[in-house]
Structures are given as C-alpha cells and as structure tokens.
Amino acid sequence: MKSQDERPDRALFLVGALPPAELAWAHREALRVVRPGVETAHIDAYSDDAWPQEAAPFYEQALAMGRNALIRGGRSAKGDSGMGIDIDVHDDAEFEILLALAPYTIHTEGWRGRRQIFSASDTGTSLWVAVTGEQQADLLARLAARGIPTTAFAVRPEKAERRPRWLWYKEPRAERGTDS
C-alpha cells in the first residue's frame, strides 16, 4: 500500500548472505527502483576490498568527478575529493557510476529533500531503501526475474510502541494487590 502522498512508507533491508554477483545485482535493482524518488546522491570512492575489474573505469570517473568539484570550488580544498562525491541520478552516465560502485563502496546515500531514500555501505554488505508498496513489488519482481531470492530483502519491523518510562519500573498499584 502506498502512502497517500506517494512517499515511501516502508524500509527494506538487505538480509542474509548472497553470492557476490547476486549481491551486486540486488544493489543495482534496488537503486533502479528508487531512482525516480531521489533528488541528491553521494558516493565515497573507497572500498574495503579491491574494486572489481568491471568497476575500475567507473571508479576512475568518480575520482575525476571529485577532483573536478574541488577545482570548481564546489568542495573544500581541505576535504578528501574521494569522499561524498555528488552524483546526479537524473544523468544516465552519472547514475551508471552509482550503479557500478554502490555494491562495493564503503558508503553511498540518496535523499529527497530531508528524507533519506537509500543507504549502501560496508563494501556491499549493508543496504536499505525506502520504498512504496508498488516499488517493493517492482523490486521483488526484478530480483525474481534474475533468479535472486525475494527473501534477500526484508521489511523493517515496526518499532514496538514505547511505554512511558515509569511503567518499566513500577506496576500500577492495583496490579500489585494494594488498595491505596
């Protein structure tokens, strides 16, 4: 079910172990699904492992984008030009960089205004996306079409309703068997 204002209403988390190729596809398909709702994205051009050969050209492009932002003055000269590289998800070439590197980076994230839409980190082992019900169905269908188990993603359980702090320490008097 979609939220009334078409905003994502649930968070999906990548769970369980997948073979490396399936893990990369799960990341890419999730990013393709949420792409229309993302306004800004950033990626760190670092990985805890060696970049796969097929990602190497995209890694070089990301580093060049970071250096160019530094030269244009869009970044602090004190900052690391490989961190927080802006990705225009509406530009197909830049989105391809995101797709190629997201499964291997130490961190990437996407936002719509002040609402985070996705986060991938820990060199491919951590991914969550904020989706509508329709996007969730689309993602699961994409995974199934590639032979990836649809159980690769799970909906975050709703937070348990919090009790007032005093209820954690005391029972109401009537429940303790006192009259006063």
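The values are calculated or read from the model by the stated rules, or taken from the named source; none is laboratory data. Keep in mind that this is a model prediction, so the values were computed, not measured. Cβ placement follows ideal geometry from the backbone for every residue including glycine, while neighbour counts extend to all protein chains displayed.
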Return the residue satisfying two criteria in turn: it lies in region 40-72 and is loosely packed, with under 13 Cβ neighbours inside 10 Å and not in a helix (DSSP H, G or I), and of such residues it is nearest to the chain's Cα centre (by Cα).
Asp48
Selection count, region 8-32, where residues are touching a strand residue (DSSP E or B) at 6+ places or on another chain (Cβ under 7 Å) and either outside any strand (DSSP E or B) or free of Cβ contacts under 8 Å to residues at least 60 places away in the same chain (or both):
6
Condition check for Asp80: charged (D, E, K, R), part of a loop (DSSP other than H, G, I, E, B) and more than 23 Å from Gln116 (Cβ to Cβ):
no
Would you pick out the residues in region 86-101 that are outside any helix (DSSP H, G or I) and at pLDDT 95 or above?
Ile87, Asp88, Val89, His90, Asp91
Regarding Asp48, is this residue acidic (Asp, Glu) and under 25 Å from Ala17 (Cβ atoms)?
yes
Please list, ordered by first then second residue, the pairs with beta carbon atoms under 7 Å, 6 or more apart or interchain, first in region 111-122 and free of Cβ contacts under 8 Å to residues at least 40 places away in the same chain and within 12 Å of Ala41 (Cα to Cα), second assigned to a strand (DSSP E or B) and acidic (Asp, Glu).
Gln116/Glu109; Ser119/Glu109
